[in-house]
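The values are calculated or read from the model by the stated rules, or taken from the named source; none is laboratory data. It should be emphasised that the depicted structure is a prediction, and the values quoted were computed from it without experimental measurement. Quick reminder, even Gly has a Cβ in these numbers, built from the backbone with ideal geometry, and neighbours come from all protein chains shown.
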Amino acid sequence: MVAVALATRRWGAPGALPPVLLVHATGETSADWTRVAGDLARDRLVVAVDLRGHGASPWTGSYALTELADDLEAVAATLAAEHGRPADVVAHSLGGLVACLLASRRPDLVRRLVVEDVPVPHPREPRPPTRPDGDLEFDWDAVLQVRAQIDDPDPGWPDVVASVGAATLVVWGGPDSPMPPEHVAEMARTVADGRLVRIDAGHLVHERRPAAFTAAVRGFLASPD
């Protein structure tokens, strides 16, 4: 399927530093980043996307992770063309997997990568989610399709992660996170240049501890190459 145009939300303005591209988790939208985007935008442009099937982006009915990565690649390519440099990508959960696909296939578009509570995918026992009542800001089919791809992941995922050449910060939410800690640590070990930081907040680090999260991200993005 051809990439679809993603809806975006912007904070800040272009400056001397690379833009930051924010990518949300399953069932969230670009608005999920509001609490931390203002801090990150103090000295740079920050752009958050609605992945396909979420928010104001097209609800296509087809939600392969590779398709989500195609869409994100188009946004990252536009940012690189506009600003003459690759973006720093900060991504949570599902967004982190999509960002890994982007960084592995287009290293020219990702300067640095931050993945929040994202493990290397391994097969796991399916636990079908229950649809929330009422209208949703996302396509429930997107949730079901994404869960199926994560429960029974492509066996090539370790190779995808190993091919991520951008310096990568892996933020782990600590023992309250539902993500297997050994697989989150594997993410930091497997990327070409990874480091792991623990912020005890469970899976929603940037929501529950926004100050600690943005401090870790800003410090990592500002550290020497």
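What the table below lists for this structure:
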item: Checking Ala167 against (1) within 16 Å of His92 (Cβ to Cβ); (2) crowded, with 16+ Cβ neighbours inside 10 Å, the condition it does not meet; result: (1)
item: Scope the range 70-89; condition more than 12 Å from the chain's Cα centre (by Cα) and among the charged types (D, E, K, R); matching residues; result: Asp70, Asp71, Glu73, Glu82, Arg85
item: Subset tally (residues that are surrounded by 13 or more Cβ atoms within 10 Å (Cβ to Cβ) and of a type in the set (Gly, Ala, Ser)) for the range 132-147; result: 1
item: So Leu196, is it in contact with a Phe, Trp or Tyr (Cβ under 7 Å, 6 or more places away or on another chain), more than 26 Å from Asp50 (Cα to Cα) and aliphatic (A, V, I, L, M); result: yes
item: Scan of the range 138-175 for residues that are assigned to a loop (DSSP other than H, G, I, E, B) and touching a strand residue (DSSP E or B) at 6+ places or on another chain (Cβ under 7 Å), ordered by number; result: Val164, Ala166, Gly174
item: Residue in the range 137-148 that is closer than 23 Å to Ala188 by Cα and modelled with pLDDT of 95 or more present; result: yes
item: Candidate set: the range 26-48, residues that are in contact with a Gly (Cβ under 6 Å, 6 or more places away or on another chain) and of a type in the set (A, V, I, L, M); chosen: the one farthest from Met179 (Cα to Cα); result: Leu45
item: Qualifying residue in the range 90-102 (condition: of a type outside the set (Gly, Ala, Ser), in a helix (DSSP H, G or I), buried (at least 18 other Cβ atoms within 10 Å of the Cβ) and over 14 Å from the mean Cα position of the chain (by Cα)); result: no
item: Any hit, the range 61-82, residues being surrounded by fewer than 23 Cβ atoms within 10 Å (Cβ to Cβ), more than 30 Å from Ala222 (Cβ to Cβ), of a type in the set (A, V, I, L, M, F, W, C) and modelled with pLDDT of 95 or more; result: yes
item: Positions within the range 183-197 being in contact (Cβ under 8 Å) with a residue 24 or more places away in the chain and either farther than 17 Å from His92 by Cβ or assigned to a strand (DSSP E or B) (or both), in sequence order; result: Glu186, Thr190, Ala192, Asp193, Gly194, Arg195, Leu196, Val197
item: Listing of strands (runs of 3 or more DSSP E) fully contained in the range 7-81 that carry 1 or more residues being without any contact (Cβ under 8 Å) to a residue 40 or more places away in the chain and of a type in the set (Val, Ile, Thr); result: 46-49
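Okay, residues lined up against (1) of a type outside the set (S, T, N, Q); (2) farther than 15 Å from Val120 by Cβ; (3) buried (at least 16 other Cβ atoms within 10 Å of the Cβ):
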| site | (1), (2), (3) |
| --- | --- |
| Gln149 | no, no, yes |
| Asp159 | yes, no, no |
| Gly173 | yes, yes, yes |
| Val184 | yes, no, yes |
| Val191 | yes, no, yes |
| Gly194 | yes, no, yes |
| His203 | yes, yes, yes |
| Arg209 | yes, yes, yes |
| Ala216 | yes, yes, yes |
